[in-house]
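Worksheet: the structure to be examined is printed underneath.
The values are calculated or read from the model by the stated rules, or taken from the named source; none is laboratory data. As the structure is a computational prediction, the values presented were derived from the model and not from experiment. Neighbour counts run over all protein chains shown; Cβ positions are idealised from the backbone, glycine included.
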Amino acid sequence: MSVLLSVAVRNLLQSRRRSTLLALAIGLVTMMLVLLLGISGGIKANMIRSATTISSGYVNVAGFFKVNTTDVAPMVTNVAEIRKIVEENTDDLVQVMDRGRGWCKVTSGTASVQAGLSGVDINEETRLLDVLQLAPTSDYKKEGGTSETPGNLKDLMKPNSAVIFASQAKRLGVEVGDELTFQTETSAGRTNTIDVTIVAVVRDMGLLSSWSMFVSKQVTRDLYQLNEDTSGAVWLYLKDIDQSEAVMDHLREVFKAKGYRVMDHEAKPFFMKFETAAGEDWTGQALDLTVWSDEVSFLSWVITAFDTVTWFLITILVVIIAVGIMNAMWNAVRERTREVGTLRAIGMYRTQVLQMFLLEAVVLGLFSTSMGALVGALLSLVLNAANIRLPMDAMKAILLSDTLYLSVSPASLISAVLALTAFTTLSALWPAIRAASLQPVVALSHAD
Amino acid sequence: MNGADVLKLLVQLAFRNLAAHRVKSLIVGALLTFGTLLVVMGSALLDSIESSMQKSITSSVAGHLQVYSEEAKDPLALFGGLSFGPADIGEINDFNKLETALKTLPEIEAVVPMGLVTPTVFGKNELDGLLERMREAVRAGDVASAKTLGPQVQAIAKQLSDELGNRRLLSRNLEELDQQKVVLDKVSSDAFWAGFEVDPLKTLEFLDFEFAPLSTASRIFYFRTLGTDLNDFVKHFDRFRIVDGTMIPEGQQGFLISKRVYEEFVKNKVARELDDIHEQVTEKGSTIAETPGLKEQVARNARQYQRILFQLTPADASALEGKLRTLIPEEKGDLAAQLQNFLAVDDTTLDSRFAFFYAEIAPHIQLYDTPVGSTMTLRSFTKSGYVRSVNVKIYGTFQFDGLERSDLAGSLSMTDMVTLRDLYGKMSDEQRAELKDIKTQVGVADVGRADAEAALFGGSTTLEVTEDKTGFDEFAGVDLAAAHQKETGTKVYTQAQMRDGLALNAAVILKDVHTLNSTLTKIQELSKSQKLGMQVVDWAQASGIVGQFVMVIRSVLYTCIFIIFLVAVVIINNTMVMATMERTFEIGTMRAIGAQRGFVMALFLFETMLLGFIAGGIGSLLSVGVISYLGHVGIPAPADVIVVLFAGPRLYPTITLGNVGFGMSVITFISLLSTFYPARIAATIAPVVAMSGKE
């Protein structure tokens, strides 16, 4: 085998020009694949990050409360008991908390936006403190913005406080310390208003952050005149996000067994379930258990679309590469017909000839894909470090972030290298079989 | 040898070589053909999408260009941007002045004033309807028939009283709930209704002010509304068509609901779901038995029976019960059970029950929450957060032909300029004068701020967390409703009154679409020289995120093509290098018998260029074939969102000479680029080396 290997390497080195060009092409494709997988991974990572910060825990025990059959509020009562049940029945639980929910018009006096409120108890929200980053004033002030980052997330402890995202601050023309007015309209035609103070402005987190704000839990309670035991949803964080589905399924059974009314699982965010809930004829509380991906399922088309483009592109590229390799291998087989004849005449087996040629493709493939993957990985590191701002809104919407972010995992590197090496070898198979099937006598008499 | 001879020789040699090195020619040729196919088809499809999108956007609401204030904080996004809430696009204070200035440009055919607002409308609930009928009866002196509606009101009160138990679980304000219970118990009691004849007006007053505000369940609609000069609008936007009802009479205030919004959101939910189920079965050929989603939809719809049941008067209910008894004799339960059974349609009963629904049930329920012909109250927030409300009559529904199914184009409703200004919260001089009159009449000093809020927001029972608002505008302390009642109704405006004054943006229609870019520049210059303070954007930018969408697809496609060519160039290069190496002997011989380096190089370049032409030709022909086939049958829009991009349910792509020309030049460039290196290698082959050895 080691002889075959050294023969393969020798042959590759001998036809250096050809090998270099092929290696370049294969490396280029591998690099592309790594970058595209990196962007796709980046979108997923951004999605998980913003989803599990803004709109969901890993698993949610949310639900709807209906005063009558048609009047639906996305709220849960008995929060204390629900939290207790969750804590007692979940393995590998890192944290449980509950958030108030609200949807209101936010006015600054000069401009207004529509926003979904998350009512938080900042003492519980250690995760939020980690993920949210204070924005420099240059991100949102029209004039005189600096790299200073005023504000303090912990001030959400204070009553009537709010934390908003930089793009909202810019739109509303406000900064830390300014006041905002929240207004909600209830179905009975009432308008409830409340004034809050901005305690911090944080950096944008893509699409979801354009309509989300954080307020102290008391704000959402005041807006809807709710009691202490009522909230929007109970959120669970687990050690492993991949366990979410299993935990949700388990908890659903637990809550059913405890006599709670539990809605059928529907992979949609809560705000798309109002009509379903309104149509059913129960009243009172029904729980709705979801995992994080359900709450952002309306964004999954982005990943699907991107992955489709990636597959389309890589398939075309692989076909082109295969054509190139096949052609090069044909050439090699033709050039070395005599050599093959000699080797066969002195007793080399057909399978060994086959191995010799395939090994050449494997060595070429492995070398160039590894190089390509390495360059791709380095390039993504450079791109991430450069912190490139995305120029278009549509791009921000698609990539779910305001900066370009590539997430390259070792697993994706290895699979790119292995898959493309396999393809390289496969495309060399036919010429190699042809070489192996040469009759020694015929091969020897071949004059090229 | 002269030039012509050299050229002839080159052509002959090139053909010979292509034929001699068949494998190489095939591989390179196939790659180039594929490349051409990709470029030509891709660009043709994109161009078709862009032009159909241009058609749908320019002919529905945008016009060719849009003009709006330079002071805008947000970009204009007619079909919506990324953020919720109203965009601040500044104001055009004097539309007349702008129009006069723009009309000096000969390219411009028309300028249409516009503005976007998103008022909210509360759908009426059953109680509102009942109380209205009672009031009418009492007003007509028919107290007895008014009283016959009493039991229905009583039943609603009982139901509300039951709901209080549920409310207690959520609310922190239990005292208030106790107060409500007193009112509800009173209305539920027979004693209350026994005294109805004694003073029906006082009873009604109690019901209106104390009881009605406690009923909840009414739907909220958000109508994204485009205000414009409708008479002018219909002249320039030919896709606009009235579907139900009539156009708003000239010079009057009114409202037109988009047909899609009307059917999707305003219609009774059970009826809409039934429509949807019926459509899926009749148009898409699905069956209820075999389509899982559809089966669930039917089951869900059956559970919604209350939406019909609660709307029936006792007389209608018993009549319907009889009819359902004959239709479904096996169902022995009450009307609720019958309705559920009725709605649980299957493939055999769907058609007959669909017909039965529209013949026997629909006429007795309120099929639309805000039906055509009725008057509704639009409420909107002004910039300072102040609430404005306007009563308008719904004259009809409309659609943009070809875009009926589009969520984007179908989401806009329309109104006149006067209503737009009312909702936007900008007063005309006339209104200001009128307001001054009212102020003197009412005696503003006597009305405190709190009372004004109560008058405006509908009574003392609001659960308001009233905070002292800054920036309270000039309406404070005035009975605005009275001012508006006086004004809306039947007042007729002249076209000038409608058009002149405030607008938020203006659509510019061109005589010839090809002058789009030059006119855009001219308008910019005009705005600068005449200090109009306006900015101008083309239809794609004006449409908002939809316009950017095509740019994104285009950049994705071009990036893909670039990457594919990059790899293809390397592979072609490699193939050519190998082919060159094989021909070392031949080239050496040519050089030895006097061929110059330049000739060898030219030979190689010419060879691939020829190959490029042939491959490009085949690729282009294939593309033309495919595109014309697609242009014949059409590409169906995969989703309703795509309908705007396709300007209809199907895209009929076309291919132009430009697409082919573009593809051919790209392919020629690529073939030259990839041959350059092998050609140089060939040109550097020294005669002696070539003759002495094989490689």
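For region B:213-235, give me each residue that is more than 20 Å from B:Lys491 (Cβ to Cβ) and in contact with a Gly (Cβ under 7 Å, 6 or more places away or on another chain). Within region B:213-235, B:Pro213, B:Ser218, B:Arg219, B:Phe221 qualify. Within region B:213-230, can one find any residue that is touching a Lys or Arg at 6+ places or on another chain (Cβ under 9 Å), in a strand (DSSP E or B) and surrounded by 14 or more Cβ atoms within 10 Å (Cβ to Cβ)? Taking every residue of region B:213-230 in turn, at least one turns out to be touching a Lys or Arg at 6+ places or on another chain (Cβ under 9 Å), in a strand (DSSP E or B) and surrounded by 14 or more Cβ atoms within 10 Å (Cβ to Cβ).
Against the test of being within 23 Å of the chain's Cα centre (by Cα) and surrounded by fewer than 18 Cβ atoms within 10 Å (Cβ to Cβ), the options B:Ser51, B:Ser60, B:Ser56 yield a single qualifying residue, B:Ser51. Going by the conditions given, is A:Thr70 part of a loop (DSSP other than H, G, I, E, B), of a type in the set (S, T, N, Q) and within 13 Å of chain B (Cβ to nearest Cβ)? Yes: the conditions hold for A:Thr70.
No other residue among A:Thr52, A:Thr30 is modelled with pLDDT under 90, β-branched (Val, Ile, Thr) and in a helix (DSSP H, G or I) apart from A:Thr52.
Is there a residue being in a helix (DSSP H, G or I), surrounded by fewer than 21 Cβ atoms within 10 Å (Cβ to Cβ) and away from every other protein chain (no Cβ under 14 Å) anywhere in region A:155-174? Taking every residue of region A:155-174 in turn, at least one turns out to be in a helix (DSSP H, G or I), surrounded by fewer than 21 Cβ atoms within 10 Å (Cβ to Cβ) and away from every other protein chain (no Cβ under 14 Å). Looking across A:Thr315, A:Thr304, A:Thr342, one residue alone is away from chain B (no Cβ under 13 Å) and among the polar types (S, T, N, Q). It is A:Thr342. Figure legend. Inter-residue proximity from region B:23-44: first residues under 28 Å from B:Gly634 (Cα atoms), second residues aromatic (Phe, Trp, Tyr) and buried (at least 22 other Cβ atoms within 10 Å of the Cβ), beta-carbon distance below 6 Å, spacing 6+ or different chains. No pairs are indicated. Number of residues in region B:648-686 that are part of a helix (DSSP H, G or I) and of a type outside the set (A, V, I, L, M, F, W, C) equals 12. Each residue in region A:45-77 was checked for being among the hydrophobic types (A, V, I, L, M, F, W, C), in contact with an Asp or Glu (Cβ under 6 Å, 6 or more places away or on another chain) and over 22 Å from A:Glu124 (Cα atoms), and 1 of them qualify. For region A:88-107, the condition holds for no residue, the condition being that it is surrounded by 20 or more Cβ atoms within 10 Å (Cβ to Cβ), in a helix (DSSP H, G or I), in contact (Cβ under 8 Å) with a residue 60 or more places away in the chain and among the aliphatic types (A, V, I, L, M).
Restricting attention to region A:208-227, the residues being of a type in the set (A, V, I, L, M, F, W, C), more than 8 Å from chain B (Cβ to nearest Cβ) and surrounded by fewer than 24 Cβ atoms within 10 Å (Cβ to Cβ) number 1.
The selection criterion, being crowded, with 22+ Cβ neighbours inside 10 Å and of a type in the set (A, V, I, L, M), does not hold for A:Val254. When you scan region A:228-251, do you find a residue that is within 14 Å of chain B (Cβ to nearest Cβ) and surrounded by fewer than 18 Cβ atoms within 10 Å (Cβ to Cβ), even just one? Scanning region A:228-251, I find at least one residue that is within 14 Å of chain B (Cβ to nearest Cβ) and surrounded by fewer than 18 Cβ atoms within 10 Å (Cβ to Cβ), so the answer is yes.
Residue pairs whose Cβ atoms lie under 6 Å apart, separated by 6 or more positions or on different chains, with the first residue in region B:563-592 and touching a residue at least 40 places away in the same chain (Cβ under 8 Å) and the second of a type in the set (A, V, I, L, M, F, W, C) and not in a helix (DSSP H, G or I), are B:Thr584/B:Ile685; B:Ile587/B:Ile685; B:Gly588/B:Ile685. One residue stands out in region B:497-526 among those that are without any contact (Cβ under 8 Å) to a residue 12 or more places away in the chain and farther than 18 Å from B:Glu50 by Cα: the one that is farthest from the chain's Cα centre (by Cα), namely B:Glu525. Contact annotation: residue pairs with Cβ atoms under 6 Å, 6 or more positions apart or on different chains, pairing a residue in region A:274-289 that is at positive phi with a partner that is at pLDDT 75 or above, are A:Gly284/B:Asn166. Scanning region A:378-394 for residues that are within 27 Å of A:Tyr140 (Cβ to Cβ) and crowded, with 17+ Cβ neighbours inside 10 Å turns up A:Leu383, A:Asn384, A:Leu390, A:Asp393, A:Ala394.
A quick yes/no check of all residues on (1) under 23 Å from A:Glu280 (Cα atoms); (2) out of contact with any helix residue (DSSP H, G or I) (no Cβ under 9 Å at 6 or more places or on another chain); (3) within 14 Å of chain B (Cβ to nearest Cβ):
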{"residue": "A:Met47", "(1), (2), (3)": "no, no, no"}
{"residue": "A:Ser56", "(1), (2), (3)": "no, no, no"}
{"residue": "A:Val61", "(1), (2), (3)": "yes, no, no"}
{"residue": "A:Pro74", "(1), (2), (3)": "yes, no, yes"}
{"residue": "A:Val94", "(1), (2), (3)": "no, no, no"}
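Here region B:158-183 is the region considered, the condition is being more than 13 Å from chain A (Cβ to nearest Cβ) and surrounded by 15 or more Cβ atoms within 10 Å (Cβ to Cβ), and the residue that is farthest from A:Thr70 (Cα to Cα) is B:Val183.
Residue check: B:Met53 meets all listed conditions (1) over 30 Å from B:Ile670 (Cβ atoms); (2) modelled with pLDDT under 90 but one, namely (1). Return yes or no: is A:Phe274 in contact with a strand residue (DSSP E or B) (Cβ under 6 Å, 6 or more places away or on another chain), surrounded by fewer than 23 Cβ atoms within 10 Å (Cβ to Cβ) and either β-branched (Val, Ile, Thr) or more than 7 Å from chain B (Cβ to nearest Cβ) (or both)? It is true that A:Phe274 is in contact with a strand residue (DSSP E or B) (Cβ under 6 Å, 6 or more places away or on another chain), surrounded by fewer than 23 Cβ atoms within 10 Å (Cβ to Cβ) and either β-branched (Val, Ile, Thr) or more than 7 Å from chain B (Cβ to nearest Cβ) (or both). On the stretch given as region A:189-215, residues that are modelled with pLDDT of 85 or more, farther than 14 Å from A:Lys170 by Cβ and either among the hydroxyl-bearing types (Ser, Thr, Tyr) or assigned to a loop (DSSP other than H, G, I, E, B) (or both) total 3. Under the condition of being among the small types (Gly, Ala, Ser) and within 14 Å of B:Ser406 (Cα to Cα), the residues counted in region B:631-676 number 4.
Table: residues versus (1) among the hydrophobic types (A, V, I, L, M, F, W, C); (2) farther than 28 Å from B:Leu339 by Cβ; (3) touching a residue at least 24 places away in the same chain (Cβ under 8 Å).
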{"position": "B:Glu360", "(1), (2), (3)": "no, no, yes"}
{"position": "B:Thr370", "(1), (2), (3)": "no, no, yes"}
{"position": "B:Leu378", "(1), (2), (3)": "yes, yes, yes"}
{"position": "B:Arg388", "(1), (2), (3)": "no, yes, yes"}
{"position": "B:Ile394", "(1), (2), (3)": "yes, yes, yes"}
{"position": "B:Glu404", "(1), (2), (3)": "no, yes, yes"}
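Restricted to region A:108-135, and to residues there that are within 13 Å of chain B (Cβ to nearest Cβ) and in a loop (DSSP other than H, G, I, E, B), the residue that is surrounded by the fewest Cβ atoms within 10 Å (Cβ to Cβ) is A:Thr110. Scanning region A:236-263 for residues that are among the β-branched types (Val, Ile, Thr), in contact with a strand residue (DSSP E or B) (Cβ under 7 Å, 6 or more places away or on another chain) and within 22 Å of A:Gln95 (Cα to Cα) returns a single hit, A:Val247.
Of all residues in region B:111-132, those being crowded, with 16+ Cβ neighbours inside 10 Å, more than 14 Å from chain A (Cβ to nearest Cβ) and not hydrophobic (A, V, I, L, M, F, W, C) number 2. Exactly one residue among B:Leu403, B:Leu343, B:Leu420, B:Leu378 is of a type in the set (A, V, I, L, M), within 14 Å of another protein chain (Cβ to nearest Cβ) and either closer than 30 Å to B:Asp88 by Cα or surrounded by fewer than 17 Cβ atoms within 10 Å (Cβ to Cβ) (or both), and that residue is B:Leu378.
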